[in-house]
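Only one structure is covered here, and it is reproduced in the block below.
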Amino acid sequence: MPTVHNMMLGRANRLIRRSSGYGFRFGKQKIRSAMPENAPQIFYYRGLSKNYPDVKVKDAVRHIVHQGKRECFHLTDLHTAENLIRGWRQHLPWIQPYYAIKANPSDVLLGYFNQRNVSFDVASMKEMIQCAQLGVRPENMIFSNPCKTESDLEFAEGLGIELTVFESIGELHKIHQVYPKAHLLVRIKAVDKDAQIQFSHRFGVTPEEAVPLLREAKRLGFEIRGTCFHVGSGVEGGREAIYKKALDDCRAVFDIGEELGYQNMDTVDIGGGFGAEEDLTIIGRTLSGAKDLFPGCRWMAEPGRYLCASTQTAAARVMLTKGNQITINDGLYGTFSCIPYDFVSFDDAEPVDYYGNKVRNLKSWVVFGPSCDGGDVVSNSMLIPDDVKVGDWLVFGSMGAYTQVSSSDFNGIKRSEERSLIEVAQVFQSEPNILPKHEEGRQIMV
Ligand SMILES: Cc1ncc(COP(=O)(O)O)c(C=O)c1O
């Protein structure tokens, strides 16, 4: 006998299956008949990039929207990831990148980075597990959190992650209690007052402050392998003077360490802090000039933002318009969590259409996210056409860094769903006539 409870469950499951769009199959017939009369318009914004999304991303977004997608989503583009890796290897070939997972833990991205021999900077047990599940070897991870929990340290030891960092006596004693065989980098204070996210008020020591730390580490029998720093996050630009000072301080700590009898100091870790669209030519010149300071040493870095920001484009659907207010289905508790946490703004953002043309009849809207919170404000002044309607889409480029990772399901609202360009392109290949007539001839490039 079906119980009321089971009947309700069955009904809920049927509704869940139906709620993901207008049509269920990718077939041409199905999609055409499922397309609403009044096709949605899509407006493209620069988002956090200097440029608008490129044509292959726009094609993929259009394809997903025309499939009848209704929930917010973000599209991961591995071509861009590949170009970033190539850029890194061209300009900084002697520095091994350890991708800082904290910037974006997408499995699609991590899997690709792993295939391309990028290593990983992990900050917690969860990130270690994610890497281990991908088959990343422990020697290709650094546990670079300057303030670790005992259980995470135990886990790192169990997994065989050897390299970690410290910058205080308290942390040194904690590591000694839990994982005395860990190899250590001393974190140097690097000051950049222009960085959006600064670290120097919290982390790092001067060479003078490093002396008692190195002495205590010697007494406890630790292996000191070198130094690390982070110049601060969210700035574009060479920052020549800041890197130069940080590297001079690293050299001073190497000298102190060698005097104290450390014989295996062989690692310089320059951390993260590369801009989302950083021109690595300039930084490459600065850093290569410092190579001679550390003869025979290995160099590593922990880029987060640089390797993920421009790989993802975010798309949100209009849920309601009311006066000068508009509500979209992604907000401050979702992808746009970068507004409070990464200090970015979408005010006065101006869209283009699919062909890159300016959109007419723009008006300034207050844009809200989907939660019931009055503070869920994406922008107080975003430019959107005055005739925008429910079901239209706003699409933002370069939304891959510090966005999904800080989103939540506040109000029980679903987080943005990840789609990948490759997966979308595979559908194109198997169903080449999938697009409506006026869009034929456009193909997603893989
Ligand atoms: C220790 C450490 N390494 C790397 C990163 C990544 O920084 P970015 O995204 O600026 O490259 C961070 C960011 O918080 C960090 O704390």
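Here are the numbers for the structure shown:
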{"item": "Radius of gyration and maximum dimension Dmax of the chain, Cα, Å", "result": "24.7, 81"}
{"item": "Charged-residue dipole, Cβ positions (Lys, Arg, Asp, Glu), the chain about Cα centre, Debye nearest 20", "result": "1660"}
{"item": "Ranked packing of 302-312, 178-188, most packed first, by mean Cβ within 10 Å", "result": "302-312, 178-188"}
{"item": "Values of log10 I(q)/I(0), in the order q = 0.14, 0.17, 0.18 Å⁻¹, for region 105-303 under a Debye, Cα-only, solvent-free model", "result": "-0.82, -1.21, -1.34"}
{"item": "Listed residues 142, 263, 105: farthest to the positive end of the dipole of region 105-303 (Cβ charges)", "result": "263"}
{"item": "Between helix 421-430 and the chain: long-axis angle, C-alpha atoms, 0 to 90°, nearest 10", "result": "40"}
{"item": "Cα long-axis angle, helix 207-219 against the chain (0 to 90 degrees, to the nearest 10)", "result": "70"}
{"item": "Per-residue [θ]222 nm for the chain (sum of -39500 (n - 2.57) over DSSP H runs n ≥ 4, rounded to 500)", "result": "-10000 deg cm²/dmol"}
{"item": "Fraction of beta bridges assigned by DSSP in the chain that are antiparallel (%, nearest 5)", "result": "35"}
{"item": "Cβ-based net charge around residue 365, under 14 Å, with every Lys or Arg adding one and every Asp or Glu removing one", "result": "-3"}
{"item": "Degrees, to the nearest 10: 125-134 long Cα axis against longest axis of the chain", "result": "70"}
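Computed from the coordinates by the stated procedures, all read-outs in this text should not be read as laboratory data. Note that the structure is predicted; figures quoted are calculated from it, not measured. Neighbour counts run over all protein chains shown; Cβ positions are idealised from the backbone, glycine included.
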